[in-house]
Each structure stands twice: as C-alpha cells, then as structure tokens.
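What follows is a short report on a single structure.
Please treat every number below as a calculation from the coordinates, not as lab data. Computed from a predicted structure; not experimentally measured. Virtual Cβ from ideal backbone geometry, glycine too; neighbours counted across all protein chains shown.
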Amino acid sequence: MSFRFLFRGLILIASLVVAGFFIKFTGLDTTLDKAWIDSDIRGQGLAGEILFLAAGGLFTAIGFPRQLVGFLGGYAFGVAWGTTLALGGATLGCVLAFSYARLIGRDFVNARFSGRIKKFDDFLSDNPFTMTLLIRLLPVGSNLVTNLVAGVTGVRPLLFISGSAIGYIPQTLVFALVGSGIALEPGLRISLSILLFVLSGMLGVYLYRKYRHNKTFDDKVERQLGSPSA
C-alpha cells in the first residue's frame, strides 16, 4: 500500500502549524484578529458564526480546501464548535457545487470531466450513500471535482450530500484540533491530530478497498493509493 497520501496530509498539517505559530509569535495574529477573526468572527455571537458558515460554504464551493476551513474553525471557535461550523460550511459548499453542476453547469462539467462521469455514475449506482461515504473518508482526491462530477450523474442529491457530510467529519475534526492547538496545548493537540489523521486515512483506504466491489471512481486516486485501476 502506498503511504504518499498520508505523507501529503502530514505535510499539510505541518504547514498549517508553522503558519499558525509564525502568525502568533510575530504579532501578526493581532492584525489578522482585527481584520477578520476577532472583528468579524470571534466574539460576535450568532452573526460571526453565520458569517463563518457562509464564508466556508462559498469558498469550499469554488475549491478552497475544506481542511483549511476546519483549521480556521478550530482556531476561531475551539474543537467542538469549530468542527460543527466547519462541517456545516463544507456541506454547504458541497450543496452549492453539486447544485451548480446539476442545474446550470452541465455543459461545462461534461466538457471538463467527460472521462470521469460515466465511471463515477457507475461507482455510485448500487449504493450511493455508502459509496459517497467511502469516497469522503479517503484522504485523497479533489472535493470540488467530486461535487461537480456527482452533479451531472444520476445520483440522488440527498444521498450524496448526506454521505458527504458524514464522511467529512473525521478530517474536519482533525484539522479543527490542529487549529485549536495553536493557542492551547499545541504539542498534545497537534500530536493527537497527526495520529487521528493517520488512523482515519488508513480506515478510509481499508473500507474503500473492501466495499467498492471492484469499481473505481477515479484512476488518479487509485494510483495514489497504490492500487491498479479496476
């Protein structure tokens, strides 16, 4: 089994940690807090939470990594509430991108990803909720591309979106934990984040290989996992 996908995730965690500590110890956190976190998000009650949720949804809908939304959620709100709001934002982004592809952007998506659509539709056809969940548990692949391609397949929106939301939980929690660790108990929280990321990634790969029934939704993902395409 290839562990390149885990290595890439660990690099992302490390880069976020370095950036967070750089901001904290150079004093830039004050500027950033006044510019967005403190002025518009943290301490603003329901208005700040709604703004964060809306921003997370919009940015993930256009390709902003949902892991970074999780990181920012943890930094702004702590682990529990940060995970909840970041998960809501990522799910909202999934809804927006999926709806765009299904209602407006079919021509664009068909032209851009024609080679993946039939394979993806076949992958989801038997059990769309479970297969979507398996995809989301993997620490590889493009969230945006998955949302767009699913939008032009025959998958039922509720099954795809609910499977996505549940599958988002592990990585959202991991990166919210990283974000919260910048300000409090950084060593413990970051170490726990790395452990949880590795375990959730390995679980995702195991379940994907066990239950995909010789199907694949993306040849690039198969190569990253060190598996031959079905």
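Modelling each spin label as a point 7 Å along the Cα-to-Cβ direction, I'd like the GLN44/HIS213 distance in nm, to one decimal.
4.7
Taking the Cβ of each residue in SER200, SER99 as the centre, tally the other Cβ atoms inside 10 Å and list the residues starting with the fewest.
Least crowded to most crowded, the residues run SER99, SER200.
Quick check: net charge around ASN110, other residues with Cβ under 15 Å of its Cβ, Lys/Arg +1 and Asp/Glu -1?
So the environment of ASN110 carries a net charge of +4.
Full extension from LYS118 to LEU195: what is 0.36 nm times the residue separation minus their Cα-Cα distance, to one decimal in nm?
24.1 nm
Just going by the charge dipole of segment 38-107, with Lys and Arg at +1 and Asp and Glu at -1 on Cβ, which of LEU92, LEU103, ALA55 is farthest out on the positive end?
Ranked along the dipole, the leading option is LEU103.
For a quick check: sort LEU158, LEU133 by the number of other beta carbons within 10 angstrom, fewest at the front.
Going from sparsest to densest Cβ surroundings: LEU158, LEU133.
Using a ≥ b ≥ c from the Cα gyration tensor of segment 59-121 (square roots of the eigenvalues), is it rounded, prolate or oblate, where a/c under 1.5 gives rounded and otherwise the larger of a/b and b/c decides, a/b for prolate?
Prolate, since a/c reaches 1.5 and a/b exceeds b/c.
If each residue's Cβ is checked for other Cβ atoms within 10 Å, how do VAL69, VAL152, VAL109 rank with the fewest at the top?
Fewest-to-most ranking of VAL69, VAL152, VAL109: VAL152, VAL109, VAL69.
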